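Here the structure comes first, spelled out in structure tokens, and everything after it is commentary.
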Amino acid sequence: MQPKHTTNNEAYKGFTNDDCPFMPCHPGVKREFNCLFCYCPLIAYQCPGPYKVYTDKHGLRRKDCSACTLPHNGYRASWAFIQRWLERPVVWDGHEQDQRHLPALRRR
């Protein structure tokens with residue numbers, strides 16, 4: 001098996017499951033739909049994607065990322081987005097998304 005940085009084959013960066021009964025789950029994707037991050041690895045971290053906050057039946061605050069297309073919009077672009085944000089993840093503090101902090105987060 002080759003390390004990812006030594007191959008020209010980028011198939012590991014994504015796939016589209018056209019048979020998924022929930023497709024299309026995130027409207028607005030303009031490139032090939034990437035299902036690799038069906039459950040976003042950034043759900044527990046601060047991120048620039050649009051999300052809303054709700055309180056579940058146990059009283060826990062959760063992120064609703066259903067309006068976010070960033071981890072799904074194109075194989076290469078979504079892979080790069082996730083990799084960049086996982087380099088130095090910041091745990092989500094349970095608060096609403098604050099647009100004032102996003103420029104600082106995007107510069108990372």
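The values are calculated or read from the model by the stated rules, or taken from the named source; none is laboratory data. This structure is a prediction, so every number in the text was calculated from the model and none was measured. Here Cβ is always computed from backbone atoms with ideal geometry, including for glycine, and neighbour counts include all displayed protein chains.
It is to be established whether one or more residues within segment 66-79 are in contact (Cβ under 8 Å) with a residue 24 or more places away in the chain, within 23 Å of Gln97 (Cα to Cα) and more than 13 Å from the chain's Cα centre (by Cα). No, every residue in segment 66-79 fails to be in contact (Cβ under 8 Å) with a residue 24 or more places away in the chain, within 23 Å of Gln97 (Cα to Cα) and more than 13 Å from the chain's Cα centre (by Cα). Screening Tyr12 against (1) touching a Leu at 6+ places or on another chain (Cβ under 9 Å); (2) assigned to a loop (DSSP other than H, G, I, E, B) leaves a single unmet condition, (2).
Of the residues Arg76, Arg62, Arg31, only one is basic (Lys, Arg) and either assigned to a loop (DSSP other than H, G, I, E, B) or surrounded by 18 or more Cβ atoms within 10 Å (Cβ to Cβ) (or both); which? Exactly one of Arg76, Arg62, Arg31 is basic (Lys, Arg) and either assigned to a loop (DSSP other than H, G, I, E, B) or surrounded by 18 or more Cβ atoms within 10 Å (Cβ to Cβ) (or both), namely Arg31.
Yes or no, residue by residue, for (1) among the hydroxyl-bearing types (Ser, Thr, Tyr); (2) over 21 Å from His95 (Cβ atoms):
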| position | (1), (2) |
| --- | --- |
| Asn8 | no, yes |
| Gly28 | no, yes |
| Pro48 | no, no |
| Ala67 | no, no |
| Tyr75 | yes, yes |
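Considering the conditions (1) touching a Phe, Trp or Tyr at 6+ places or on another chain (Cβ under 6 Å); (2) closer than 23 Å to Gln97 by Cα; (3) surrounded by fewer than 18 Cβ atoms within 10 Å (Cβ to Cβ), Cys47 is excluded by exactly one of them, (3).
Residues in segment 79-104 that are under 18 Å from His26 (Cβ atoms), part of a loop (DSSP other than H, G, I, E, B) and of a type in the set (A, V, I, L, M, F, W, C): 0 in all. Could you tell me whether Lys30 is at negative phi and modelled with pLDDT of 95 or more? So Lys30 fails the test. A Cβ distance below 7 Å, combined with a sequence gap of six or more or placement on separate chains, defines the contacts here; from segment 1-20, residues that are under 15 Å from Ala77 (Cβ atoms) and among the small types (Gly, Ala, Ser) reach residues that are at pLDDT 75 or above and not in a loop (DSSP other than H, G, I, E, B) in the pairs Gly14/Tyr75; Gly14/Ser78; Gly14/Trp79.
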